[in-house]
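The values are calculated or read from the model by the stated rules, or taken from the named source; none is laboratory data. Since the model is a prediction, treat every value here as computed from it, not as a measurement. Virtual Cβ from ideal backbone geometry, glycine too; neighbours counted across all protein chains shown. Each accessible area value is taken on the protein alone, full model and side chains, heavy atoms only, with ligands, DNA and RNA left out. Shrake-Rupley method; radii C 1.70, N 1.55, O 1.52, S 1.80 Å.
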Amino acid sequence: MTGYFNLLMLSSKWYARSEMGGGLERSARRLFQYVLEHGHRVVVLTRNYDGLPHREVIDGVVVYRFPIWGRSRLMSSLSYLIQCLTWMIRHRKEYDLIHCHQSYAPATIGTLGKLLFGKPVLVKVSTADEFSERRELERLPLFRVRRWLLRRVDRFVVVNPKAREEFMELGIDPSRIVHIPNGVVIPPRAALEHDVKHAARIRLGLP
């Protein structure tokens with residue numbers, strides 16, 4: 001995709017203005033800074049766990065938070081799905097790419113968006129091994145339906161090779177899985193000053 005585009009991101013949780021959030025939010029925040037700097041637009045659809053404003057603009061990103069119905073995990077997922085899809089139907093001409101953080105409810109909703117509106121969908125898989133997303137998926141309601149939808153995702157981005165193997169075992173076409181480790185922000189002083197880099201090379205035993 002070239003030129004200007006609108007990115008719609010689905011994430012079960014998103015940080016408030018006053019906090020950085022967890023690893024997922026911090027990683028996405030760095031990505032969105034780059035996306036925004038290149039003239040694109042970003043909208044996030046998330047759950048409202050903490051009674052925060054329904055709509056808020058944080059660092060240039062438009063965030064919509066939807067209330068949670070009931071107390072069960074199933075009702076939480078169902079309420080998020082219905083409210084996201086309602087928003088996506090109403091605003092279907094306002095986004096070009098659906099970016100789903102993790103392969104749970106966001107990926108289910110994002111893939112339904114693809115089937116309904118023909119929008120390309122990308123899913124970022126953030127964990128493997130002990131905290132495997134695949135293992136968690138198998139414990140969720142409607143696993144077979146979720147797996148059927150995941151097989152229709154355009155691209156998966158995994159942060160380590162083990163996650164790639166786990167999703168291939170779910171029947172995902174390996175050509176649709178890309179391994180991209182999370183980036184690291186290098187402070188300007190460490191990046192630019194010769195003495196700092198030289199000392200780090202010595203400490204790490206690098207030429």
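Summary of values
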| item | result |
| --- | --- |
| Candidate set from segment 136-158 (those that are hydrophobic (A, V, I, L, M, F, W, C) and touching a strand residue (DSSP E or B) at 6+ places or on another chain (Cβ under 7 Å)); member that is farthest from Gly183 (Cα to Cα) | Val153 |
| Candidate set from segment 181-207 (those that are among the aliphatic types (A, V, I, L, M) and touching a Lys or Arg at 6+ places or on another chain (Cβ under 9 Å)); member that is farthest from Ser126 (Cα to Cα) | Val196 |
| Residue that is nearest to the chain's Cα centre (by Cα), among those in segment 131-141 that are open to solvent by 20 Å² or more (accessible area, probe 1.4 Å) and acidic (Asp, Glu) | Glu136 |
| Matching residues in segment 84-96 - criterion: being farther than 19 Å from Leu122 by Cβ and touching a residue at least 24 places away in the same chain (Cβ under 8 Å) | Ile89 |
| Complete set of residues in segment 173-207 that are touching a strand residue (DSSP E or B) at 6+ places or on another chain (Cβ under 7 Å) and either on the phi > 0 side of the Ramachandran plot or among the charged types (D, E, K, R) (or both) | Arg176 |
| Residue count for segment 106-130, restricted to those that are open to solvent by less than 10 Å² (accessible area, probe 1.4 Å), in contact (Cβ under 8 Å) with a residue 40 or more places away in the chain and within 11 Å of the chain's Cα centre (by Cα) | 4 |
| For Gly171: the one exception among (1) assigned to a helix (DSSP H, G or I); (2) of a type outside the set (D, E, K, R); (3) open to solvent by less than 100 Å² (accessible area, probe 1.4 Å) | (1) |
| Qualifying positions in segment 33-49 - in contact with a Lys or Arg (Cβ under 9 Å, 6 or more places away or on another chain) and of a type outside the set (A, V, I, L, M) | Thr46, Arg47, Asn48, Tyr49 |
| Unique match (being in contact with a Phe, Trp or Tyr (Cβ under 7 Å, 6 or more places away or on another chain), aliphatic (A, V, I, L, M) and modelled with pLDDT under 95) among Val159, Val125 | Val125 |
| First in segment 180-207 and among the charged types (D, E, K, R) and surrounded by 10 or more Cβ atoms within 10 Å (Cβ to Cβ), second anywhere and assigned to a helix (DSSP H, G or I) and at pLDDT below 80, Cβ under 9 Å, 6 or more apart | Lys197/Ala190; Lys197/Ala191 |
